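The values are calculated or read from the model by the stated rules, or taken from the named source; none is laboratory data. Owing to the predicted nature of the structure, the values given are computational and were not obtained by experimental measurement. As a convention, Cβ positions derive from the backbone with ideal geometry for all residues, glycine included, and neighbour counts pool all protein chains shown. Accessible surface is based on the protein model in full, side chains and every heavy atom, while ligands, DNA and RNA are left aside. Shrake-Rupley method; radii C 1.70, N 1.55, O 1.52, S 1.80 Å.
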Amino acid sequence: MCRRIFVALGVSFVGPPVIGMAAASAQDFPGKPITILVGYAPGGNIDVTARTVGQALSKVLGQPFVIENRPGAAGLIARTAAAKAKPDGHTLVLAGTASLVLAPRLGAKPPYTVDDFAGLGTVSETPLVIEVPATSRFQSFAELAAFAKANQAAVWIGHAGNGTTSHLALLRLEQRLGVTFTAVAYKGAAAATADPLGGTVDAVVDELPNSLGQLRAGAFKPLAVTSLQRAADLPQTPTLNELGLKGFEVVAVTGLLAPARTPPATIKLLGDALQKVLDDPDVQAKLKGLGSEPRALSPDAFDALLKKEDAAAAQMIKDGVLQAE
């Protein structure tokens with residue numbers, strides 16, 4: 001069941017959009033409400049990010065932005081729908097770059113490729129945290145890594161689902177440590193973070209905003225974060241780079257995309273609007289409040305990032321690190 005959330009108060013708008021007036025007039029865009037598809041249930045980090053950005057974009061472009069939740073298959077359902085949508089700029093998708101390139105490769109027939117999308121710009125980046133229950137036998141990342149090296153496959157680590165950023169982080173962690181974990185794929189971050197408390201798995205890799213409440217409550221102990229810089233919300237928690245895995249970085253980069261073949265003028269209008277929104281201190285504060293950092297890349301820079309991530313995913317398939325189900 002889809003859930004729609006309107007993030008503007010009405011469909012009427014008095015006066016021209018703040019930016020791109022000539023371009024919008026020439027193309028009659030936007031001529032109606034714009035839908036942002038979200039591949040996850042309401043209330044999660046991407047959903048709240050979409051609503052934050054959508055509300056701000058509605059003020060800039062003069063049309064309501066509708067958040068439509070289509071959860072399932074690690075966001076694959078929403079992204080596939082966006083790839084097949086009419087390329088007129090009125091259907092967009094907010095997605096993480098890692099899941100965008102990883103998830104379609106896990107099936108027998110990929111439902112889309114990155115060439116089916118046109119990037120409008122990145123929105124934010126979010127560190128991941130490696131965490132254990134507060135009562136865990138592992139009280140540091142060094143202890144967990146040492147045990148994993150001495151006891152291959154004996155450490156069970158959960159993640160939010162195959163094809164997600166947390167899955168990617170776990171795969172790269174295995175590569176760098178030269179170990180094999182017993183990876184447990186859950187259907188979303190909520191399930192992944194609930195299980196360690198019941199003792200089913202030893203640890204979990206999760207996007208920081210999803211775990212922040214349990215970390216602050218003391219239910220979980222953070223061992224390390226996956227960004228190059230320490231997370232603002234966990235200033236005492238070291239990075240994997242600090243702990244000896246030099247250059248290790250896996251962050252969840254979230255971006256806004258349109259279907260490929262969307263007119264270039266529409267891409268520019270939406271891209272400019274997104275840049276304007278991300279320059280807004282209020283929007284920046286809201287994103288930081290989610291545990292994310294605003295990150296504004298232009299459409300061209302976002303497309304280049306996607307191609308780089310796509311090439312890396314292809315190499316992981318070739319190396320046997322990532323395997324189709």
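Numbers for the structure displayed
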{"item": "Among residues of segment 113-135, those that are at pLDDT 95 or above, over 30 Å from LEU257 (Cβ atoms) and either of a type in the set (S, T, N, Q) or part of a helix (DSSP H, G or I) (or both), counted", "result": "0"}
{"item": "Answer from VAL225, VAL250, VAL283 - the residue that is closer than 30 Å to LEU57 by Cα, among the hydrophobic types (A, V, I, L, M, F, W, C) and modelled with pLDDT of 95 or more", "result": "VAL283"}
{"item": "Any chance THR262 is of a type in the set (S, T, N, Q) and in contact with a strand residue (DSSP E or B) (Cβ under 7 Å, 6 or more places away or on another chain)", "result": "yes"}
{"item": "Qualifying positions in segment 205-254 - among the small types (Gly, Ala, Ser), under 22 Å from LYS308 (Cα atoms) and in contact with a strand residue (DSSP E or B) (Cβ under 8 Å, 6 or more places away or on another chain)", "result": "SER227, ALA252"}
{"item": "Scan of segment 244-280 for residues that are open to solvent by 20 Å² or more (accessible area, probe 1.4 Å) and in contact with a Gly (Cβ under 9 Å, 6 or more places away or on another chain), ordered by number", "result": "PRO263, ALA265, ILE267, LYS268, ASP272, GLN275"}
{"item": "Condition check for ALA192: out of contact with any helix residue (DSSP H, G or I) (no Cβ under 6 Å at 6 or more places or on another chain), closer than 21 Å to ASN151 by Cα and surrounded by 23 or more Cβ atoms within 10 Å (Cβ to Cβ)", "result": "no"}
{"item": "Hits in segment 28-51 (condition: under 15 Å from the mean Cα position of the chain (by Cα) and either charged (D, E, K, R) or open to solvent by 10 Å² or more (accessible area, probe 1.4 Å) (or both))", "result": "TYR40, ALA41, PRO42, GLY43, GLY44, ASN45, ILE46, ASP47, VAL48, ARG51"}
